[in-house]
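A quick write-up on the structure given underneath.
The values are calculated or read from the model by the stated rules, or taken from the named source; none is laboratory data. Predicted model only: the values in this text are computed from it and were never measured. The protein model used for the area step is the full one, side chains on, heavy atoms only, and it has no ligands, DNA or RNA in it. Shrake-Rupley method; radii C 1.70, N 1.55, O 1.52, S 1.80 Å.
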Amino acid sequence: MQNVSQNCAIEALRILSNISVLLVEPSSPGNVGAVARVLKNTGVQQLILVNPCEWNIPEVRSMAHGSSEILDNCKVHPDIASATKNSNLVIGMTHRDGRMREIQNDYRTVFRDALKHTQGHRLTLVFGRERDGLWTRELEYCHWLVRIPSAVPY
């Protein structure tokens, strides 16, 4: 039974090592730190920032408590094209409807299907700006769009 558990743990680490979270133009340093902490808690190790605010400051380190290695290994890119060029599957998170937005509302199924693509492939989850999300031209870099429901109409 222990070998089965160890094999599952090894497989989970392999899958997580192929997943990146990309933040497009984060404007709040605290949010960068909070995301790093979430990544640490979930086992995802790769954070990517596109054109971020000043982010490598004490406030970020404080919010990222215990997640300094994620910040230390964070990759910064000038645009979404360069940030996603090595990704095999890019999933954008959005809440807005509109043209060019074929959104999947069943996020559990999408993520389950996406994990099948991580066998030796890079999966990147893209989150847009705090204020106005992903712009239309950035959606072109996303293979799939997902809406994760929120508890309030915010």
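Checking T136, T94, T84 one by one, the residue that is at pLDDT 90 or above, hydroxyl-bearing (S, T, Y) and closer than 16 Å to V24 by Cα is T84 and no other. Listed conditions (1) open to solvent by less than 30 Å² (accessible area, probe 1.4 Å); (2) in a loop (DSSP other than H, G, I, E, B); (3) not hydrophobic (A, V, I, L, M, F, W, C) are all met by H65, apart from (1). Could you grab me the full set of residues in segment 19-33 that are in a strand (DSSP E or B) and either acidic (D, E) or under 16 Å from I70 (Cα atoms) (or both)? I19, S20, V21, L22, L23 - these are the residues of segment 19-33 that are in a strand (DSSP E or B) and either acidic (D, E) or under 16 Å from I70 (Cα atoms) (or both).
Okay, residues lined up against (1) hydrophobic (A, V, I, L, M, F, W, C); (2) open to solvent by 60 Å² or more (accessible area, probe 1.4 Å):
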residue	(1), (2)
L123	yes, no
G128	no, no
L134	yes, no
E138	no, no
R147	no, no
S150	no, yes
